[in-house]
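A.B. asks: First, the structure itself, so that you have it in front of you.
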Amino acid sequence: MDFILIRTNEISLKNKNKGIFMNKLKENIEKMLEGKTKIKRINNRFYITPKKNLKSYDKDKIKDNLNKVFGIHSISFVHLVDKNMEDIKNKSYELVNDYIESHSIKTFKVEVKRADKSFEYTSIEFAALIGEKVLEKFKELKVDVKNPDMILYIDIRQEGVYLYSEKIKCAGGLPTGTSSKGTLLLSGGIDSPVAGTLMQKRGMVINAVSFHSPPFTGSKTVEKIIELAKKLSYYNSNPIDLYMVPLTKVQKAYKEIAGKNIVVLQRRSMMRIATKISDLTQTKLLITGESLGQVASQTVENLGSISDATEKIILRPLIGFDKEETIKLSKSYGFYDTSIKPQTDSCTIFLPSNPATKSKIPVLEKIENEIDNLFSLELEALNETKRYRIFKEEVQELNDFENILGGTL
């Protein structure tokens, strides 16, 4: 029998709440694999049996899909045989041969775990015995117990002997849907999609708010944001609702009097609008991709001024990251090529040559109060917002704001 073994890590520490986390992980795996498998849980592991022979599946696609399910620590493509020497030996030969065909190897070792203590050999004895058989069959190989090119894993249990040749590390974290719900301020840049993914990795379900500035930003900008939201949704296991907010009128209102404070003032307006969307969709907090000192609006003083515009908790998972670290994550999560597409970002419209780095809240509030209809313009932007429900490659435009129900946005 062929199947996929899924291991957890952090979930195993949850004690009395473990069942909640394991059930959500099972649900997320089923959604990712679209019902093409049967899943059985034993303690901290899942055993996935495909509904057709595992060899007929695209293993690379399975690995890619399962690597997008947070909560999985590692996977292995495993074979179960009876506890007799001939079956174990033949399956060992098959696994070593398959590994040689797909990798360049010179050394190996055999690692045995004997959960069934009635088995006639100890772990060390059986590892040596199978190692000897492999050496006889594959004369070009040598044993290296410290740093082998390949490890043949043999797990002897009551029900039979499990064999596999790889432990494939996955994304880890907690299953998405086991923490609270948040609203991501999603730009077209590198940082915010990574920030949203990191919060999903901590079990959070998210929706997203993005700002654009028509006609200064065109349809390509909206398409880029939707593409990033699609990629986010693969890690969410549920649709993501994206709210596209037109900010142009608010930005024009600031243009004449804001001076060097315009960037921070725009961000304060964004926070107020995102807060209203968060309230309407019943999320608990806001998430941004800000990193301390990365740009003028992200100094301690300016971050404080921006945070002052909302009573919501703001999570900034990248606050201590440098750009190189964020780019590395962006590439690993599959956002980078989309994020670097040269489309105009709303935040760069009306950008002053010398933006404020140490804004003062009383000064900002004075400017805001001098614009008689500022808060009406923010409400108008909210009312003109377009809403999209996005899941993988499917995009649906919605007519109304919809609350989060049952973990689905």
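A.B. asks: Just need a number here: residues in region 277-304 that are in a helix (DSSP H, G or I) and surrounded by fewer than 19 Cβ atoms within 10 Å (Cβ to Cβ).
C.D. replies: Residues meeting the conditions: 6.
A.B. asks: For T107, are the conditions met, namely being open to solvent by less than 40 Å² (accessible area, probe 1.4 Å), in contact (Cβ under 8 Å) with a residue 12 or more places away in the chain and over 34 Å from the mean Cα position of the chain (by Cα)? Even if it seems obvious, please write down each step before you answer.
C.D. replies: Working: open to solvent by less than 40 Å² (accessible area, probe 1.4 Å): yes; in contact (Cβ under 8 Å) with a residue 12 or more places away in the chain: yes; over 34 Å from the mean Cα position of the chain (by Cα): yes.
In short, yes.
A.B. asks: Shifting gears a bit: The conditions are (1) basic (K, R); (2) in contact with a strand residue (DSSP E or B) (Cβ under 6 Å, 6 or more places away or on another chain); (3) without any contact (Cβ under 8 Å) to a residue 24 or more places away in the chain, and K139 fails exactly one of them. Which is it?
C.D. replies: Result: K139 passes all but (2).
A.B. asks: Right, here's the next one. Return yes when L163 is open to solvent by less than 20 Å² (accessible area, probe 1.4 Å), assigned to a strand (DSSP E or B) and in the same structural domain as I72 (by the TED database) and no when it is not.
C.D. replies: In short, yes.
Table: residues versus (1) open to solvent by 20 Å² or more (accessible area, probe 1.4 Å); (2) part of a loop (DSSP other than H, G, I, E, B); (3) under 17 Å from S346 (Cα atoms).
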| position | (1), (2), (3) |
| --- | --- |
| G177 | yes, yes, no |
| G182 | no, no, no |
| L198 | yes, no, no |
| I206 | no, no, no |
| F211 | yes, no, yes |
| I225 | no, no, yes |
| K231 | yes, no, no |
| K260 | yes, no, yes |
| I273 | no, no, yes |
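A.B. asks: If you don't mind, another one. Within the set of pairs 6+ apart or on separate chains, which have a first residue in region 87-104 that is in contact (Cβ under 8 Å) with a residue 24 or more places away in the chain, a second that is part of a helix (DSSP H, G or I) and open to solvent by 30 Å² or more (accessible area, probe 1.4 Å), and C-beta atoms under 6 Å apart?
C.D. replies: Going by the 6 Å Cβ cut-off, the qualifying pairs are K89/K133; Y93/K137.
A.B. asks: Can I ask one more? Is it fair to say P355 is in the same structural domain as V264 (by the TED database), out of contact with any Leu (no Cβ under 8 Å at 6 or more places or on another chain) and exposed (fewer than 13 other Cβ atoms within 10 Å of the Cβ)?
C.D. replies: Criteria not met by P355.
A.B. asks: Can I ask one more? Could you check region 235-258 and list, in sequence order, the residues that are open to solvent by 10 Å² or more (accessible area, probe 1.4 Å), in a helix (DSSP H, G or I) and closer than 21 Å to N302 by Cβ?
C.D. replies: Passing the criteria: A253, K255.
A.B. asks: Filter region 305-328 down to the residues that are more than 24 Å from the chain's Cα centre (by Cα) and either within 21 Å of I206 (Cβ to Cβ) or part of a loop (DSSP other than H, G, I, E, B) (or both) and list them by number.
C.D. replies: Answer for region 305-328, where residues must be more than 24 Å from the chain's Cα centre (by Cα) and either within 21 Å of I206 (Cβ to Cβ) or part of a loop (DSSP other than H, G, I, E, B) (or both): I306, S307, D308, A309, T310, E311.
A.B. asks: From the list K224, K201, which one is of a type outside the set (S, T, Y) and in contact with a Phe, Trp or Tyr (Cβ under 6 Å, 6 or more places away or on another chain)?
C.D. replies: On the way: K224 fails: in contact with a Phe, Trp or Tyr (Cβ under 6 Å, 6 or more places away or on another chain).
Every option except K201 fails the conditions.
A.B. asks: Mind checking which pairs have a first residue in region 370-385 that is open to solvent by less than 70 Å² (accessible area, probe 1.4 Å) and a second that is hydroxyl-bearing (S, T, Y), Cβ under 6 Å, 6 or more apart or different chains?
C.D. replies: Within 6 Å, the pairs are E378/S269; T385/Y243.
A.B. asks: Still on this structure, please answer the following. Mind checking which strands (runs of 3 or more DSSP E) fall wholly inside region 1-105 and carry at least 2 residues that are assigned by the TED database to the domain that holds Y121 and over 30 Å from E120 (Cα atoms)?
C.D. replies: Output list reads 37-42.
Residues checked against (1) of a type outside the set (A, V, I, L, M, F, W, C); (2) touching a residue at least 60 places away in the same chain (Cβ under 8 Å); (3) within 17 Å of T338 (Cα to Cα):
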position: P193; (1), (2), (3): yes, yes, yes
position: T197; (1), (2), (3): yes, yes, yes
position: Q200; (1), (2), (3): yes, yes, no
position: V209; (1), (2), (3): no, yes, no
position: P214; (1), (2), (3): yes, no, no
position: T217; (1), (2), (3): yes, yes, yes
position: Y234; (1), (2), (3): yes, yes, yes
position: Q251; (1), (2), (3): yes, yes, no
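A.B. asks: Answer with yes or no whether I340 is in contact (Cβ under 8 Å) with a residue 60 or more places away in the chain and crowded, with 19+ Cβ neighbours inside 10 Å.
C.D. replies: No.
The values are calculated or read from the model by the stated rules, or taken from the named source; none is laboratory data. What you see is a predicted model, and the numbers here were worked out from it, not measured in a lab. Counting neighbours? That spans all protein chains shown, and the Cβs are built from the backbone with ideal geometry, glycine included. Note: areas computed on protein heavy atoms with side chains; ligands, DNA, RNA excluded. Shrake-Rupley method; radii C 1.70, N 1.55, O 1.52, S 1.80 Å.
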